[in-house]
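Since the structure comes first, as structure tokens, the remarks are kept for the end.
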Amino acid sequence: MGRRGFLRAASLAGMAASQVRGSSAELGNHGCITDVGGIRVGHFTDSRRPTGCTVVIFDKPAVAGVDVRGSAPGTRETDLLRPVNTVQQVNAILLTGGSAFGLDAATGVMRYLEEHGMGFPVGVGVVPIVPAAVLFDLSIGDPKIRPDARSGYAACEAASSSNVREGSFGAGAGATVGKLFGMTHAMKGGIGTASIKIGDSGLMVGAIVAVNAMGDIIDRIAGTILAGARSPDGQGFVNSMNQIMQGNLGVSPIGENSTIGLVATNASLNKTEMTKVAQMAHDGLARAINPVHTAFDGDTIFAAATGASSRKADHTMIGAIAAEVMARAVNRAVITTVGLPGYPAYQDFAH
């Protein structure tokens, strides 16, 4: 069935009007990635159109890994995070809008870090190590406006160890979700954060994620749709996976999506272990986004260990918790965001 068939069937069936009546993601103290300690987060949000970037700066170099699951990624400096490669630590990680153009923002982050003496020593100075990932937000507003080096520098200037603003800020400013049947059925995405304290061990795991997925965003506990492809009347959801199982494959263009994020811990772990943590953290995306890791998404998750805690940590335990905290952060990204004309947010629906 083509798009017309989908619209006709959706209209006739009413698509069960899968409205959300409140979300478990709203309950309790969700925490923040800066709870890990030794981490500062800064947003730059462009006032000219919805786009921006988010930087995570480590006060001391952190051991990092990465795992890319989507088939349309836009990244920088991810090869050096392979366990066999020489550089062991990173100074910052950048999440940015603007598609591949937005990678230019990393230049501004490098300039800021170099000015502050943060980087890999090379004898004649330092080279800041700044892996980065991008999401596609060029279809909202003027596509010629995208994060650049000045944006990255400004995000660094705004970086703080206090609570991180969520929703329509930084890399989440132009994010959208639920795009299987095109932008006319999409909703507003955003950026979210969460943290989990592991018992009384002193160990922490935190996450920050910019959610710009093709798929629907699912309440990780209730299993209901928080935000996603809207029904033709705009009052409910079509349920993207149900449509796929009925043979309705949608029209989402390749490369116009991506969920990009970071999980961080104060544990002491090596690059191989952090690579595994990054892999396990993707399970959090699978719990909160459906479908995920598609040919149309560039899903990328970084993982970083500050080593600030002296307690021995098992990387399997850290990875399992990373998946849970990532799922929480994905939910936070959509329940805290603010809608744009044509792209309503979770808050715009009756709960």
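Tabulated values for the structure
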quantity: Which listed residue is out of contact with any Lys or Arg (no Cβ under 7 Å at 6 or more places or on another chain) and either surrounded by 23 or more Cβ atoms within 10 Å (Cβ to Cβ) or of a type in the set (A, V, I, L, M) (or both), from Ala100, Ala132; calculated: Ala100
quantity: Matching option when the condition is closer than 28 Å to Pro50 by Cα, in contact with a Ser or Thr (Cβ under 8 Å, 6 or more places away or on another chain), among the aliphatic types (A, V, I, L, M) and part of a loop (DSSP other than H, G, I, E, B), among Val338, Val325, Val330; calculated: Val338
quantity: Leu269 of a type outside the set (Phe, Trp, Tyr) and assigned to a strand (DSSP E or B); calculated: no
quantity: Some residue of the stretch 218-227 being over 14 Å from the mean Cα position of the chain (by Cα), among the hydrophobic types (A, V, I, L, M, F, W, C), at pLDDT below 95 and not in a strand (DSSP E or B); calculated: yes
quantity: Residue among Gly339, Gly298 that is closer than 25 Å to Gly174 by Cα and surrounded by fewer than 19 Cβ atoms within 10 Å (Cβ to Cβ); calculated: Gly339
quantity: Meets criteria (in contact with a Ser or Thr (Cβ under 9 Å, 6 or more places away or on another chain), free of Cβ contacts under 8 Å to residues at least 12 places away in the same chain and more than 23 Å from Val263 (Cα to Cα)) for Pro121; calculated: no
quantity: Per-region count, the stretch 64-75, residues surrounded by 24 or more Cβ atoms within 10 Å (Cβ to Cβ) and assigned to a strand (DSSP E or B); calculated: 3
quantity: Positions within the stretch 124-143 being closer than 30 Å to Met187 by Cα, touching a residue at least 24 places away in the same chain (Cβ under 8 Å) and assigned to a loop (DSSP other than H, G, I, E, B), in sequence order; calculated: Pro131, Leu135, Phe136, Asp137, Leu138, Ser139, Ile140, Gly141, Asp142
quantity: Test: residue in the stretch 323-343 that is of a type outside the set (Asp, Glu), without any contact (Cβ under 8 Å) to a residue 24 or more places away in the chain and either at negative phi or touching a Cys at 6+ places or on another chain (Cβ under 9 Å) (or both); calculated: yes
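The values are calculated or read from the model by the stated rules, or taken from the named source; none is laboratory data. The structure presented is a predicted model; accordingly, all values stated were derived computationally and were not measured. Reconstructed Cβ throughout: ideal geometry from the backbone, glycine too, with neighbour counts over all protein chains shown.
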